[in-house]
Structures are given as C-alpha cells and as structure tokens.
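Please treat every number below as a calculation from the coordinates, not as lab data. A quick note: this is a predicted structure, and the numbers were derived from the prediction, not measured. Cβ sites come from the backbone with ideal geometry, for glycine too, and all protein chains shown count toward neighbours.
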Amino acid sequence: MIRIHCPICGQRSETEFSYYGDATVKRPDEHETDPALWVDYVFTRDNPRGWHREYWHHVQGCRQWLVLERNTLTHEVSACHLASEASS
Amino acid sequence: MKRLTTGGRINRDTPVTMCFDGRDLPGFEGDTLASALLAAGHKTVGRSFKYHRRRGVYSAGVEEPNAMVTLHEGAFREPNTRATCVEAQDGLVAASQNAWPNIHLDIGAVNNLLSPFFSAGFYYKTFIGPFSGTGFWMWCERFIRRASGMGRAVHLPDPDTYEKVTTTCDVLVIGGGAAGLSAALAAGRKGARVILAEQDTVLGGAILSDPVGGESDFWLKQIELELHTLPNIRILTRASVFGAYDSDTYGMVEHLSGCEGQPRQRYWQIHAPRAVMATGAIERPMVFGNNDLPGVMLAGAVRSYLNRFAVLAGQTALVATNNDSAYATAIDLASAGAGVTVVDTRTEVPQALREQAETAGIRVLRGHAVIAARGRKCVTSALVAPLDQNGQPLQLACDLIAASAGWSPNVHLWSQLYKTPEYRPESACFIPRALFEAHLQPAGLVTAPMEMAQIITDGFARGSEAAGPDGDAGTVPESFDGGPLWSGNFGPVWCAPGVKGKAFVDLQHDVKLSDIDQAHLEGYVSVEHLKRYTTTGMATDQGKLANVNALARMADLQEREIAEAGTTTFRPPFTPVTIGALVGQDHGAHVRPTRRTPIHDWHVAQGAALAEAGLWKRAWYYPQGDEDVGAAYRREAAHVRAHIGLVDVSTLGKIAVQGPDAATFLNRVYTNGWKSLRPGRIRYGVMLREDGIVLDDGATARLGEHEYFMTTTTANAAKILADFERRLQSDWRDLKVHVTSLTDQFAAMALAGPKSRALLQTLCPDVDLSPEALPNNSFVEATIAEHPVRLHRMSFSGELAYEIYTPSGHGQPVWQAIMTAGAPHRIIAYGTESMGTLRIEKGHVAGPELDGRTTMEDLGLAGLASSKKPFVGSVLRHRPLLQSEDRAQLVGLLVEGDEGARGGSLIFAKGAAPEGHGEGWVTSATYSPALGKYIAMAFVKNGQARLGEEVQIVNLLENQTSSARLISHHFFDPEGERQNG
Amino acid sequence: MSRYSALSVFTNALKGNKSWPRAWRDPEPKPEYDVLIVGAGGHGLATAYYLAKEHGITNVAVVEKGYLGGGNTGRNTTIVRSNYFLPGNTMFYERSMKLWENLSQDLNYNVMFSQRGQYNLLHSPGQIDAARRRGNTMRANGIDAELLSRQQVQRDLPYLDYDNARFPIHGAILQRRAGTARHDAVAWGYARGADRRGVDILQKREVTGFLFDGGKITGVQTNRGDIRAKKVALCVAGHSGHLAKMAGLRLPIESHSLQAFVTEPYKPFIDTVVSYGAGHFYISQSDKGGLVLGGDLDMYNSYAQRGGLPVVEHTLAAAKSLVPGVSRLKLLRHWAGVMDMSMDGSPIITRTPVDGLYFNGGWCYGGFKTIPASGYCFAWTIAKDEPHPDNAAYTLDRFARGGTIDEKGAGPHPNQQ
C-alpha cells in the first residue's frame, strides 16, 4: 500500500488514487502536425528503473492531478506536487 | 510420552475434551492440539506428502511440517491446520489427513518402497509417453492429482464472517518475546502510540518454554504489568503480522475467540512509520537417517512441551546438537526424570555447560553425531557415530531424539522489504543487514545475539529509537539468566557424514539429502533451481525448517560458502493466511459497489429484468406475463414507434463544462466545431483518443454563455472526466475551464414516440414545445408536476423524442408523473434491450461499434471531423494503416430467414468457405419491428463500396448460417422526418 | 546424453541416482557467436532451441544475468490458451498451442501441459456478443471454442456462485484445448534441448552494454567480459526498456507488476481454468494441489517484483465471490513478476532499426503461453532476416503506421481497462 502525501488532503493510501503514467512526456503543441512527435508522445516511454516522474489522480479525494517522484524499484515516494503547480 | 502432574502453563482446573480421528482426546485449557496429542500418547499424527511416511509432532510452533490436521466438519471444515497452533477447545473436532484408510494403515505408504524412483525431477523425466499430444500425460495426471494435495476442502460457502480494520500507530512491535516487550516498553514510556502484536495466545515468546516460576517468569510478569499501565500501548495476541508492504503498511491477521456473532478473524492493515521486528528464530533440524520418525523432534520444542504444557515427550531421550542451546532441553528433561544423553558434534563444549549437564546426570558424547534413528512406528533407538571416523557406531536405545542444528532468525518481514539478508558464519544463520535508514528494524533473536542481556538492551534501544527523540524511555529492564539460549559456539555439523537410510531435508515435501545431491549432479545448482527442482522449501512451512540445511548441502557440494550460494526470496505471507480474512466483507453481492439510478426502485417494483452495465444495474426489459427478452423487446420497440415510451438513461455520463474558455475546450476534445453553437442549442459530438481512435460520442448542450452540459456514454463517463481534469491541470492550464461530474446529480430519461410532444405539452402547459419553438437539438427549461426539468429535444431512436433531465431527488416523481399522465397515450416503460433495437434501426453507433479499435472513417462519421482546427487525435488518426481502404467499415445488414443474426457472428463473401477472419463481423443485431425484418450493424471490409452485395453470416458456435444483403445502416427513416418533425 | 524415460528413471534408481548426466553444461563463452541471445527465460531459450533445430544455427549463446528461467517464465500462473481474435494474433497463438501439444515429446522433457480447458465467464449480453466474435473467429481459423449457456456452465462448474453473485453468470466461452503447464519445466526443457544441440547457456553474466562497429552491433559487454556476435537478440521482457536503451532504442513499453498467488495444497478442488469476466481474475489448481490465482496489474510502473496489498485484497475478493468455497482455504505465497506492457497489449518480435539487433518483448500478461511460438518465429526472423508470417504483424513501426493490435480496445495505456 503506497502512501501518498497529497498537498491538499494529506497522507492517504494509494487506493484513493488512480495512476496515469509518465509525466515527463510532453504533449506537442496542438498545432504540431509532425506525426513522429505525436507517436513519440503517445507511445514511447523511457520506462526507467529507479526514479520516475509520474501523474497520479486523487480520484477519490480532491480530484487534483499530482506529479510524483517515485522509485520504480522500491516504490518509495520522494515528492508529490500538484500538477497544476508543477514546472513543465 | 506422558503428562506430568505438576508444572506447565496449562490450566488443570479446566479440562477439555476434543475429538481426534473419531476418538476422544482429553486436554486442558492452555494446551494446543499438538500438546494434547502428545500427552495422550499419539505418536503418529499424520502422513507425509509424497511417501506417506508416519509423522509425529515435530515442533511447537508455526514451523510445524508434520502435524497437519483438518479441523471441524461440514461447511466449517478447515484443512491443513498446524496442530501446534490450534488452541485446545472443548468440542474441537480434528482429523488426520493425506492417509487412507487411516494414518496407522495407509496404503499410500507403498510409495515409500518405490521412493528411489520418485527421485528429484521424476515427473519431468517420465509420463512423456510414446504417443503424440497430451492425452497420455493427462491420463496419468488424473491419478497424480488424486494422490497429491493434502487436506480435502469443501465447496460450501463459508458460514463465518470476517472483518477488515485499517489503523495507524507510531510504532508497531512485531513479536511479544523478551525483545519485543522491551521495545514496546521503551516506546510506550516515551508516549508513542504502540501496537504490540504477538501471534501466540499469550505474551512471552521463548520465555514460555522456561520452567514456570523462574527468573524469566518474574521478568515477564513485571514487564507485562507495566505495559498494561500504559494506555498508549495496544496489545494484540493471536495476531500474526504476515507481510510488510509498501510505505508504512503491514498486514496482520488476528484470530478471534470464535464467539457467536463475532467475526472469526480480523484483518488489520496497519500504517506504522516505524516498526520493530522482534520475531525470534526457528530451530533447525539435524539431518540423519530416518530423521522423520515419530519421536524425532526439535530440541526447543521438546523443552516447550515440557515446561509450557507439562508433557514429557520421552523417557529416554537423546539430545542431538551442534550448539549450546539444546543443553537447556537436556537439563530440563533430566530434571523431569528422563534419562538423557547429549550427542554433541563438537569436541569442544564450554566447560560450565558440560559440568552443568553432568551434574544433572546427563551423559555427554562429544564429537559424535546421530547418523540414523531406528524404529518401525516410532523411535526406539539411535545409531550414533564418532565424527573422526575412529570407532564403531553405537546403538543407543531411546524413545525421543531432540535435535538442534542451530537457529534460523525469522527475517521474513525484513526480507520482504529489503531483499537479501546476510549470512553470518559464526552464528550459522542469515540475519538482516544493518540498514540504518530502514523503518523496520530487527531486534532480539532475529539478530543472533549472544546473550539475554543483549536481547533486552537491543529491543529497548530499537523501541526507543522508533518512538523518536521526545520523551523519556527510562532505564533498561534488568536482564535475567537466559540460559545457553543462543550463545554461539556453533559446530558446523548439521548432518554427519555417513548417514544411514532416508535423511530428510524438507520433511513435509519428503525431500531427501540424496535429492539435493542429485539436483547438483544434474546441474540444478542455483538456489532457485535447487528449490524448484527438488521442491525444497515449497511446502506449507515455506522452508522455515529446510532452507538453510538444503543450502548448506548445496554449498558443500559446490565447495562454496553458504554466503556465496545465496538464499531464495522471502515472500508474504509469513504463515498461511485465510483467504476469507483478507476479503473481509467485500464478497458476493458486495464484491464491487452497485450503482442504481434514482428510478431504480420503480423498475424493480414493476418487475423489470435488470442487466449489468459496468457497476450500474439497468432495466433491461419489462416482461409481461411469461415474456422472455426476445418477446419483450419486440413489443416494447414496436410500441414506442407506434405510441410512446419512457426509458431511464440516468447512467449517461454528465459533465458540467464551465468557464470563459469552455468553447475552446470543447473544440479541442471534440472533433467537430463548437464555437458556433448558440445558447439553447445541443450538438452531437465525437471524441477521439490521442491515437486517433474513436473514444466516445454524446451530445452537449450550451446552457449559457460560459456553461455547457455534456453527456458521455455510460461506460466512459468516469474516464472522460478524469481525462478532462488532467488536461486542464497540466497541458491546458491556459484554459479557464472547470469541469464537474453531474452523473449522480441528475436523473435522465428519454421520452420517445410520436405522442411524446403531445404528452409533454400536457405536462408542461406553460412551455411552447412546437417544432418552431423547440426544434430538434435544442432544449428548454420547464417544470413537471412542480419538479424542475430541462427538456432536451434530441433523439437516438429516430423518433420524436425528448431527454428529460432533473435533479436526482426529483427523478422518481418526474418519472411517475410522466407515466401517470401518459396513461391515456398508452405510455410504457421500455428497457435497454428495446432501446438498443431502436438505435440500431436508426443506425446510431454505441458500445459494440465504439470498441476502442474503430476510426471515424470506419464508423462513417468522418464528416464530423473538422479540418479547420486541431483536436485530440487529429494528427494520429491519419496514420497510414488507419486510412487504408481495406479497413472494415460500418454497414447495415438485411438478414434473410427467420432467425436473424447474432452479435459476434462473422461475415463471409457469398459462397466462400468460412475460414480465416472473413470479411467482417456483426456488432449489433436485432429484429426490427418497424421494418418487420431482421437487421444488424456490422463492420465489413470496404463495406460502404459494397452496399447491395449478398454475403453470408456465419455463427459457427451456434451452428447458424444465413444470407444477408449489405445496405446502409440508417435503416429507419434515414431522412430523419420523424425526429425532426 | 541420455534420453529421459520411465526406463531411464528405473535404471538410474537402481544405480542410486548417482549417474544422471547434467541437464545442461556450464560452458565458458567462445570469443564469437553467430547469434547471441540476451535473456535465458523461456523466450530466449526457445529461440536458441529453434535456431539450432529448425535452422541449423548452433553457434549460439544465451546470456543470462541470473539463473535460467528465473524471470517471468518461473513466476507466472502457467495458463496456455489460443483464444485471440484479431488478425495478426490468432494464428500466432494457435501455432504456439500446436507446439505445446507435442512439446514434451519434442523436448524429451515433461512440461506437464494439461489441456484441462479454460472457461471465460460472461456476465452480460454484451459480453456474450464479444465472446461470440472471439469464438467464431477461433473456429473459423480451426481453433476449438464453445459458447456455453448459464445452465451448461452450472453443470460443469457447480462450485461457482450462482445465487448471490454481484455479476450474474450469463454463460461462458470455453476452449477445451487450453490448460496449464509446469512453468519451470518449460525453461529447463528448452535449456536442455538447446544445450544438447550445442547452444552455450551462460548464466550469471549480466549484459552491461553493446559493442558497435560503425552502426552495427557486434556483440555485448557483460560484467564478466565482452562477447562478440554477428547478431544480438533481446529476449528480456520486463526489462526490455533499459536494455534497448543501451542500444539506442526507445520502446513503446512500460514495466508493471503482475501478481500471482498460490494457496496451500488441497485434494482436487478445481479441475479446469476459470476466468472471471467482471474483473481481472482467474483460478486453476496445480498438480501439487495448490490453487493458483491471478489478478490485475498493480497500476503503476514497477520493477520491484513484489505486489501491493490493494491487488491482493481485490484478487482474493474476486476469488471468494466466484468460488465461495475458497474462503476457508489459506494463501501460502504471493509474488509478482515484471511485465513488459506494450502500448497495444500485443508483443513485438522483429528486426530493429539498429543493424544486427533483434527484439522480442512486449509480452504483457501473456508471455508464458507464447514461449514456443515466440521462440519459433523469433528464430525464423533472426535466421532469415525476415519475419515468419505468424509474427509479421508484430513490428515496432506498427504504432507509427496505425497497425496496432489491441485485443482489449483499451488504447495506448497499459494500466487502463
């Protein structure tokens, strides 16, 4: 049971959240027409062993989207920010 | 074997009578089933897994490999229970298992004679058969399956209940022995909220195996007394912490008393930022010939039965050891009047210990080891040989061999979190590595300390550290004489050279030394290969007894150190956990939440058949008389087209989209344009995924300048809302838009049929519902029977139709009002099945068509893709293979014959053999009452160019074949005169 | 070099089981191989086996960082089935099934493939339609499938909950040829078979990088020295991402944990494989007697090889809801494997844009059952430098070209339903 410190709600269990995935992939500008960039955004992942910057959604809480730094080898969470405040 | 008249921690004033294999079994409160069996002289209590060898009680704890019994009867039956962990209770019914007809005369024992053939890897090398295919193996397998397994389980539902608790504390102390008690005391004194969990029925751990009334008892009582004065300490007994999980989470199962009305077990999820693991150690067996005979036991267990349960396990005992700890057993046995010989593999034994033993009248044979136990049904003698090979083996008569080859710390929980423990050669065991950052810290025996004072000091220190810097832990409790509990001095020998007969490493799985030797010979040398090839450590004790001995043997064979050979992975649970406990109450009808619409009760009262739609229950059809679904949907669909019907569509996703950039937002998420939609109007839209595949469709109404009301399909509602929130909080932070789910806040119903306007007009006389005032795709606010409603004129059925939205609390009264007022118009309620028929007749796509693989072109919706603006998926939908002409496109099917097609049937060209993937498949099929024909929607390769073609519909599963003609899927009223009229 | 048989077991037993030959050698690496396969799991070993058997390429090494069969091959729930309905998938999985059916004989190693059938339960009319398409596609491609009514399911599987179920059982789709096998035996059997044909299996050798000559891969670096090879093939599902990255390749793959569960052993309790249709859950019973349970992915990226409690609770809740009798039985062990979750749920078996590098991965939940076909087709691809027809669709560029093979229709997201 991963515990996540939501900036709005405090320490909560992972069951309140849903996971989305890699937060380092950057959506191309909406007017971008090069399909290669879109393919990269939609399909390709670094999939690191170790620290991973990723989106979670506090779906059964404040419904804020969060950006976590989490270790994929140990499941340790080292940081949690609101996506709306995360540097892009 | 006998019960002593004095001593022990049993309550002689409360005798109990249990039943074992149909015979009365006396015991006392405080006994375990195993101690009662021993006291009553039951030597054989079970049969082994493979060779069906006689087995007796071997241990006094959770590591028990032999005394596995089935408890209770009928639906309460509980197979594979360790008799050593079952509390004696009046009326308890227990039975032996894995033997037929009984444990004394078990015909499965013939396997024992054949054991040379059942060597390691036996199954991999045989039953391959001379024939092709799997038939021969499966024929053999039938007999193998019957022979394997242990206890017999029943298929009956469990009559007991379980409950689940989540809690937090500052410090979790796992284990209530000397170290755990010291840890709890230190943390408790500092004011931390402590949970102390002990798997046994009482606190004390190893102290309980000391003679009653000694120094250790006094120590235990004092600590317990103080612990009970601290309100911040919660003490849980019969509570086993089975797993250490992510972050600060521990899983624990507490066994409750089993009183009427109480749950049987309680599953605790404990969140503890710091924990102390004082889980002690388990003794290791000595390996020698016939070391599985009843009468061979762990030395510590013998002592435990003697001092805790007042059971003397043998009159003439042989204590076989390679370390100091077993001397305590020898001395206590001698004091109880048994004749005792210690067979110590070491030539050097501490002088004091030797003198102590000899004073007690014990003979000590140094430099000797047991090489075989002898006896037919139980131990009657032992063969003891000098290790220097000088001299002949001695045969010593005995009825008990108490053996100790050292101790294995219970590192399981630590290892679940921090992986591999380290091997400490001087203690001959694996201990946790020092990890100062770890939030789970070991204390006590689990770290292989040398003396009791260290156990107490360590435990106290870990408890104090875990409680944090504040508060005062006071002074460390004074130690007591722990005896030669764990004084090191380990001899290397756990298995003498020249053992005679079958020498077992894994008792339950009947893995012999020779199996390990063979695995080595065949190259299965990594520890995991060894384990899996021989099945060592895979029995219900998960290698608690066997693993280190097996590793030691493999390391010997490879001429390596144990540390180099490594260890297998420790996995939860520490001891087997009842499935029902972890489920709690979330099962059966409650395994997932049930979502009901605001009008649900009405449907049920009307006798509607319900169908699952995700978590929703929806009215599927309303049977009249003994109608089945087929008859009901035809009647309902025909009635709607002829008259009027009302259907509950409250499950539709509903999202409020608000803010000055709402139209921009809609422009991005929908494929079509939204800037031109005027307030009061509704527009149909399609959404794509980022990869260009169609995600969802629905209608959105513009309620005001900056406010839209969106509907989505039932299935995608939650996903779409979450996706909007993500975009608005990350990539699209520039948009001033807020989205809110209204799915549960609004009831929705669709009123369809030629009479719908007339009926609504009578219900809402103040609102002009004329086609001019309220054309298709527009809405108006109104009241029905004084309930606020919004009437959306729109149609998925092709009929003149209105969707009526009202706050949930008003849903049922509005529905009722419409049904009442509609009676003169012959209104009916119709269900999702006939709603499906109506939308198929109209050619509207739904779930079966929007299956996550189809494009706008496939669906014939390409016209809705704006070329003037980017939208989600607008680039990737043009990927080359998505634009291929060969793709299957949505078409209609006019099906011949009187059976119709079924969804999921395949389409083949006329005359073609039904082989391969065909030309396409049927997605949605129905009888169309409006057309009087069977119709279907289907995807057919390049279908739009093939309209008019005859094809065959093939349903091989149900032996149906029919012909059909490809036509437009807009079957009914393609011009839309009815819905627009 | 002895053949295994009842006779060999008998004669060896008479000799005290002291003269068994090694199942495989522990060789020193040669300086160069024609083909070097990274990863001695089922897929890598099968690839080596078929390279030698079908293509006569025997100068082959399989390099493994741990011990052979120690990854997902040895930690899955061992279900074998061929019930895939999308073109590109159907015949690949059926090839695997056909290879499975004679695998024990082919390898002279009993992999205990037991065709005890798999029931996929259906809980709504919509699920029946979807199952009908799947089943009809199987049948039209020569694969067995049956659609069962609720009554038929109740007759075959009387121990399921028909009275109090949250999701009523409307029927099932059954593949009788599906079943279970002994996972370790598959790795060991292929290892022994490949070894006997001259393949070097190099255990405890971790690949730490690749050797390049110009743009072409010419071998691997390991923690115990470089090994040169004309062709290098990756079979490291679960860890594809970071190995491919060393070769300069980014993949449409994420690693996630998938848990598995086994109970204590019981006398025969369930004699088939049953899959729940209202959640990700399936159950079978091993020959040893343990009930083997599988559930859904832990939702987040993970390489931890251990699972979280939420999925434990969820899986067991599904188990008790489907088979109420399991409630009093005991969970013995639970663990997790690292899944190579591709972005469309289908595997990748292909040459790569990197010259000399071949890739096999993206197995998602379904790697075990495909081991034979994966090895067969990958060996073909490596040997002939072109795909076999059965793996032609499993390219790396299908994502860019729009040729994804998405059986679930879930879109490019491993953790969404």
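For the stretch B:910-970 versus the stretch C:28-96, the spacing of their alpha-carbon centroids is 41 Å. Normalising by residue count, the stretch B:653-741 has a Cα convex hull of 80 Å³ per residue.
All Cα-Cα distances of the protein assembly as shown, cut into 20 Å bins from zero to the largest, leave 9, 33, 34, 18, 5, 0 percent in each bin in turn. Select from C:128, C:348, C:382 the residue whose mean-square fluctuation is largest in a Gaussian network model of chain C (Cα-Cα springs shorter than 10 Å). Among C:128, C:348, C:382, the largest mean-square fluctuation in the Gaussian network model of chain C belongs to C:128. What are the residues whose amide H is under 5 Å from the amide H of residue B:568, where those residues sit 5 or more places off or on another chain and H is modelled from the backbone? Distant-sequence amide H within range of residue B:568: zero hits. Backbone phi angles across the stretch B:459-470, fed through the Karplus curve with coefficients 6.51, -1.76 and 1.60 (θ = phi - 60°), yield HN-Hα couplings of x, 4, 5, 5, x, 5, 4, 5, 6, x, x, 7 Hz in residue order; Gly and Pro are listed as x.
Restricting attention to the protein assembly as shown, close to 75% of DSSP beta bridges with both partner residues there are antiparallel. Express in whole angstrom the spacing between the alpha-carbon centres of the stretch C:100-159 and the stretch C:161-195. Distance between centres, Cα-based: 9 Å. Rounded to a whole number of µm²/s, how large is the Stokes-Einstein D of the stretch B:777-830 at 4 °C and 1.567 mPa s, given Rh as the Kirkwood radius over C-alpha pairs? Reported coefficient: 109 µm²/s.
Relative to the longest principal axis of the Cα atoms of chain B, helix B:832-842 runs at roughly 40 degrees. Applying the criteria of a DSSP loop state and at most 14 other Cβ atoms within 10 Å to the GluC sites (Glu not before Pro) of the stretch B:914-976 yields B:915, B:975. Only alpha carbons enter this Debye calculation for the stretch C:337-382, each as an equal point scatterer, and the log10 of I(q)/I(0) it gives at q = 0.30 Å⁻¹ is -1.11.
Direction-averaged projected area, Cα convex hull, the stretch B:2-115: 7.4 nm², rounded to one decimal. A viscosity of 0.890 mPa s and a temperature of 25 °C, combined with the Kirkwood radius over C-alpha pairs in the Stokes-Einstein formula, give chain C a diffusion coefficient of 111 µm²/s. Dividing the alpha-carbon radius of gyration of the stretch B:284-362 by the rule-of-thumb value 2.2 N^0.38 Å gives 1.04.
Once both labels are positioned 7 Å from their Cα atoms along Cα-to-Cβ, the gap between residue B:740 and residue C:26 label points is 7.0 nm.
Taking the Cα centroid of the stretch B:747-762 and of the stretch B:171-243, what is the distance between the two, rounded to the nearest whole Å? Using only Cα atoms to place each centre, the spacing works out to 71 Å. Taking the inverse of the mean 1/r over every pair of distinct Cα atoms in chain A gives a Kirkwood hydrodynamic radius of 13.9 Å. Computed over chain B, relative contact order equals 9 percent, with contacts defined as Cα pairs under 8 Å that lie 6+ residues apart. When the Cα convex hull of the stretch C:226-272 is projected onto planes of every orientation, the mean area is 7.1 nm². Highest GNM mean-square fluctuation among C:315, C:11, C:208, for chain C modelled with Cα contacts below 10 Å: C:11.
Helix B:135-147 axis versus longest C-alpha principal axis of chain B: approximately 60°, rounded to the nearest ten. The trypsin sites (Lys or Arg not before Pro) of the stretch C:209-286 that DSSP puts in a loop, and whose beta carbon has at most 16 other beta carbons within 10 Å, are C:224, C:250.
The simple spin-label model puts a point 7 Å past each Cα toward its Cβ; for residue B:768 and residue B:114 those points are separated by 9.4 nm. I want to verify the translational diffusion coefficient of the stretch B:39-197 in µm²/s; compute it with Stokes-Einstein, Rh as the Kirkwood radius over Cα pairs, at 20 °C and 1.002 mPa s. After rounding, the answer is 108 µm²/s.
Shape analysis of the stretch B:322-404 based on the Cα gyration tensor places the equivalent ellipsoid semi-axes at 20, 17, 10 Å, largest first.
Extents of the stretch B:511-597, taken as max minus min of Cα coordinates on every principal axis and listed largest first, are 70, 22, 21 Å. For the stretch B:193-280, the set of GluC sites (Glu not before Pro) satisfying both a DSSP loop assignment and a count of at most 13 other C-beta atoms within 10 Å is given as B:260. Using the structure shown, select from B:531/C:30; C:15/C:267; B:502/C:369; B:164/C:320; C:98/C:408 the pairs with a Cα to Cα distance greater than 27 angstrom. Pairs exceeding the cut-off: B:531/C:30; C:15/C:267; B:502/C:369. Taking label points 7 Å from Cα along the Cα-to-Cβ direction, residue C:223 and residue C:246 give a separation of 1.1 nm. Within the stretch C:314-357, all pairs of alpha-carbon atoms sorted by distance into 10 Å bins from zero give the percentages 19, 26, 23, 17, 12, 4.
Taking chymotrypsin sites (Phe, Trp or Tyr not before Pro) that fall in a DSSP loop and have at most 15 other Cβ atoms within 10 Å as cut points, what is the longest piece of chain B between them? Formally, the longest exposed-site-free interval is B:437-981. Say we join alpha carbon atoms closer than 10 Å with springs in a Gaussian network model of chain C; which of C:40, C:317, C:185 then has the biggest fluctuation? Looking only at C:40, C:317, C:185, the largest GNM fluctuation is found for C:317. Just need log10 I(q)/I(0) for the stretch B:234-327 at q = 0.18, 0.20 Å⁻¹, Debye formula, equal scatterers on the alpha-carbon atoms, no solvent, rounded to two decimals. Reported log10 I(q)/I(0), two decimals: -0.94, -0.99.
Taking a quarter of the surface of the Cα convex hull of the stretch B:878-980 gives a mean projected area of 7.8 nm². Using θ = phi - 60° in the Karplus curve 6.51 cos²θ - 1.76 cosθ + 1.60, the 3J(HN,Hα) couplings for the stretch B:598-609 round to x, 9, 3, 4, 5, 4, 5, 4, 8, x, 5, 7 Hz; x is entered for Gly and Pro. The antiparallel fraction among DSSP beta bridges confined to the stretch B:288-404 stands at about 35%.
The alpha-carbon atoms of chain B, seen along their principal axes, cover 114, 75, 54 angstrom, with the largest extent given first.
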